[in-house]
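See structure below.
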Amino acid sequence: MSSNPFDKKTPIPNVKNIIVVGSGKGGVGKSTVSLNLAVALSKLDLKAGLLDADLYGPSIPRLTGTIYLKPELNKDNKLIPIRRYGINLMSMGHLVEEESPLVWRGPMLFKAIEQFFRDVHWGNLDVLVIDLPPGTGDVALTIAQKVPVSGAIVVSTPQNLSLTDTKKALNMFRQIEIPVIGVVENMSYYLSDKSNKVDQEKKIELFPRGQIDIYLKEKKINKLAIIPFHPNVGLSCEAGVPLLESQPDSEEGKAILLLAEKVKSHLLKEFKAT
């Protein structure tokens, strides 16, 4: 019998593919990317869901305006995900009050993740996007051990401070045997157009550009998207409306839709999305 803990994986019923979105550090926009990726995939005719696996700091309920909604139980006593913006949603933030801290040790955390997989009626999904907590902690390891994951996306900002932690996340996925689809460079630049003329637009880099491109090329890792910064992203988050709904034709929205197209193409090629 194999002693490899990654050999004992059980698929989530009726979920064809699982994509995890991680980051080496917080503050890089990972949850915003996760949400908008799931919404964009649904707009590309995939049945999509989003699991907020950041149990200690769930943000998806606020990002989707569902902070006061509670999931109901079906006849089999399984939680029914909240439906919003064309995707199925589930988060610890839908089960506990926003200001209530989870003072949990590891075993309780592991059990909660397992329940999100087995005690939620996800329905028929082509892809379930999982928004991981930042860092390289227990949640990613638990997910890798419990369910088959089609691939991982790592979100980073351009500077070396972020790249250092991005490398850790990429190495973590390699160690836990989750294939890396690629990296998203978020908040890459700010597009200034004071004259409102397209030919005079200027890209203002908010962070000092580090060696992320050199590193990705050296390691043969795909850069899936370059997403610019814009105040509209923050406004959408505060309003609880995904950018793909509020500003789909913005440069940021177009970048996320391109990301979704690449992810869909990857799934169609490598796995079984329909």
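Of the helices (runs of 4 or more DSSP H) lying entirely inside region 91-181, those containing at least 3 residues that are surrounded by fewer than 20 Cβ atoms within 10 Å (Cβ to Cβ) and of a type in the set (A, V, I, L, M, F, W, C) are 106-118. Scanning region 253-263 for residues that are open to solvent by less than 50 Å² (accessible area, probe 1.4 Å) and more than 25 Å from residue 235 (Cβ to Cβ) gives a single hit, 263. Taken over region 214-234, the criterion of being free of Cβ contacts under 8 Å to residues at least 60 places away in the same chain, in contact with a helix residue (DSSP H, G or I) (Cβ under 8 Å, 6 or more places away or on another chain) and within 22 Å of residue 67 (Cα to Cα) is satisfied by 232 alone. Pairs meeting the criteria (first residue in region 32-50 and farther than 17 Å from residue 225 by Cβ, second residue of a type in the set (Phe, Trp, Tyr) and modelled with pLDDT of 95 or more, beta carbons under 7 Å, at least 6 apart or on different chains) are 49/122.
Taking residues in region 57-68 that are at negative phi, and partners anywhere that are of a type in the set (Val, Ile, Thr), the pairs with Cβ atoms closer than 6 Å and at least 6 places apart or on different chains are 61/67; 66/82. Residue 26 satisfies every condition listed in (1) in contact with an Asp or Glu (Cβ under 9 Å, 6 or more places away or on another chain); (2) part of a loop (DSSP other than H, G, I, E, B); (3) touching a residue at least 40 places away in the same chain (Cβ under 8 Å); (4) open to solvent by 10 Å² or more (accessible area, probe 1.4 Å) except (1). Tallying residues that are in a strand (DSSP E or B), more than 18 Å from the chain's Cα centre (by Cα) and either at pLDDT 95 or above or not basic (Lys, Arg) (or both) within region 195-254 yields 1.
Within region 135-145, the presence of at least one residue that is out of contact with any Pro (no Cβ under 7 Å at 6 or more places or on another chain), within 16 Å of residue 12 (Cα to Cα), β-branched (Val, Ile, Thr) and modelled with pLDDT of 90 or more is confirmed. Does residue 75 satisfy being touching a His at 6+ places or on another chain (Cβ under 7 Å) and part of a loop (DSSP other than H, G, I, E, B)? Considered against the rule, which asks whether it is touching a His at 6+ places or on another chain (Cβ under 7 Å) and part of a loop (DSSP other than H, G, I, E, B), residue 75 comes out as no.
The values are calculated or read from the model by the stated rules, or taken from the named source; none is laboratory data. In this text the structure is predicted, and so the values were computed from the model without any measurement. All Cβ positions, glycine included, derive from the backbone under ideal geometry; neighbour counts span all protein chains shown. Surface areas here come from the heavy atoms of the whole protein model, side chains and all, with no ligands, DNA or RNA. Shrake-Rupley method; radii C 1.70, N 1.55, O 1.52, S 1.80 Å.
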